[in-house]
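Values quoted throughout were computed directly from the atomic coordinates according to the rules given, and no laboratory measurement underlies them. Predicted, not measured: the structure shown is a model, and the values here were computed from it. Cβ: placed from backbone, ideal geometry, glycine included. Neighbour counts: every protein chain shown.
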Amino acid sequence: MPETVIEINPQRLLTDLRQLATFGKLGTGVDRPAFSQADIAARRWLEGRMREAGLQAAIDRCGNVYGRSPGASKALLIGSHSDSVPKGGWLDGALGVIYGLEIARTCLEQKSLAAVDVVSFEDEEGRYIPFLGVKSFCGVLDEKSLAAIRDSGGRSLGEAMSASGFDGAPACFEPSRHVAYLEAHIEQGPRLEATRRRIGVVSGIVGIRRVRLTARGQADHAGTTPMSMRKDAGAVLMRLANRVLDSFESMAAADTVWNIGVVDVQPGAANVVPAQASMVVEFRDMDAALLERLLARLLELVAQAGRGAVSMELEEIARIEPAPMDRALGGVIAEASRQHGEEALYMQSGAGHDAMIISRTVRSAMLFIPSIGGRSHDIAEDTSEADIVLGCRVLASAVEKLAP
Ligand SMILES: [Zn+2]
């Protein structure tokens, strides 16, 4: 064990994590979407825990819970989110918030030189707007359009915000104060477990392209129309899908991922030639240039497929640029991990995180700990207590080195 100045309290860390998991508890997981009763109660509890720790805590109107270390002019910012997907796991987001709380609390108790501010961002999971809280915190949220945005059940964000009772002044990034942002998170995938590593250092968060490809033909009787006379949108789309999968396989880098997760055929009857067929192709990588090459290839394939009796079109429906994490900060986490006897695995994150947004404003780093069986966004999500404690110790050691 290294000589640690910031010696966290493992039992208190686990107790707080378990306590947070009682809000919206659902079996072994939680159901705590942004602005639900459970989310609101959890945020009030967090605010209280931050105050007890000696932080100046408040909840802003977007629901961000923000605890400032008193008396410091410069601070590290540590956080994540405490909202969950519906029927989600107990650690996604919660882990990074409670790590921040435990490290800030320890620093205040031990009168350590490190000043740590803690934040739980609201609606990372996008019930209303993905990354609502962190976007507000970074000043990149389009405030005018907020109130009218509705969740899938039709409830407006304006209604949700006023019903929450959260009315604090907006918490915001402080350029002269915040020297770096650190976010710990469960991996939500199987790589750490598969390589028997206990700490991951995130090199970056992948960029995403999402496109809808639509074929338009003509509906006809599938029994009486000769094959040569059909304008079969379904057949054209399926052939195209095969070409897309083949092309991606030959062009991909080692960590590129792609998915055809939505396919729709209209009118959708066994005895009707499809008049229209569409699919959504999504692909992710750290390399923006590669994403553009894949997109260009898709355009070529669509142009070729749409030459006959069936027309084809491509519509881009989402574009998120890759977010590299700060190399030097990542190196500090890797070094802290080595001090605790663990060689960290450098890896990209295939999932989005609050760090993706805030890294455009301040240098940022992420630490991953293993997810058992790679499971996440499900109540089955879990991590061993030993790994949870180790992750917090490593982050505390990194904080020591980075203390402003
Ligand atoms: Zn998360």
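Beyond 23 Å, what share of the Cα-Cα pairs of segment 207-320 remains, rounded to the nearest whole percent?
Details: 1998 of 6441 pairs.
For segment 207-320, the share of Cα pairs beyond 23 Å comes to 31 percent.
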Fewest Cβ neighbours within 10 Å first, please rank Thr224, Thr15 accordingly. Thr224, Thr15
Which residue, chosen from Ala219, Ala252, Ala318, occupies the Cα position most advanced towards the positive end of the dipole of segment 207-320, where the dipole is computed from +1 (Lys, Arg) and -1 (Asp, Glu) charges on Cβ about the Cα centre? Ala219
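What FRET efficiency do you get for Ala303 and Leu113 if R0 is 60 Å and r is their Cβ-Cβ distance, rounded to the nearest 0.05? The partial results should precede the final answer.
Details: r = 61 Å, r/R0 = 1.02.
For R0 = 60 Å, the calculated efficiency reads 0.45.
Ranked highest first by the average count of other Cβ atoms within 10 Å around their residues, in what order do 226-239, 96-109 fall?
Result, highest mean first: 96-109, 226-239.
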Please state, rounded to one decimal and in Å, the Kirkwood hydrodynamic radius that the chain gives when every pair of distinct Cα atoms enters the mean of 1/r. 22.7
For segment 145-289, what percent of Cα pairs sit more than 24 Å apart? 64
Show which lysines lie in cross-link reach of Lys144 when reach means a straight Cα distance below 25 angstrom and same-chain residues fewer than eight apart are skipped. Lys135
I need the helices of the chain that pass two filters: whole DSSP H segments spanning 30 Å or more by Cα along the axis, and mean Kyte-Doolittle score no lower than 0.0. none
The summed charge of the Ser247 Cβ neighbourhood (under 11 Å; Lys/Arg +1, Asp/Glu -1) stands at 0
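If you rank Lys74, Lys25, Lys144 by fewest surrounding Cβ atoms within 10 Å, what's the result?
In increasing order of surrounding Cβ atoms, one gets Lys144, Lys74, Lys25.
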Using alpha-carbon positions, what is the distance between the centroids of segment 28-107 and segment 371-394, in Å? 18
Taking r as the C-beta separation of Arg319 and Ile149 and R0 as 25 Å, the FRET efficiency to the nearest 0.05 is 0.80
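Under a Cβ-only charge scheme (Lys and Arg +1, Asp and Glu -1), can you give me the dipole magnitude of the chain about the Cα centre, in debye to the nearest 20?
Details: 44 positive and 52 negative charges, 75 e Å.
Here the size comes out at about 360 debye.
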So how do Ser250, Ser359, Ser384 line up by other beta-carbon neighbours within 10 Å, fewest first? Ser250, Ser384, Ser359
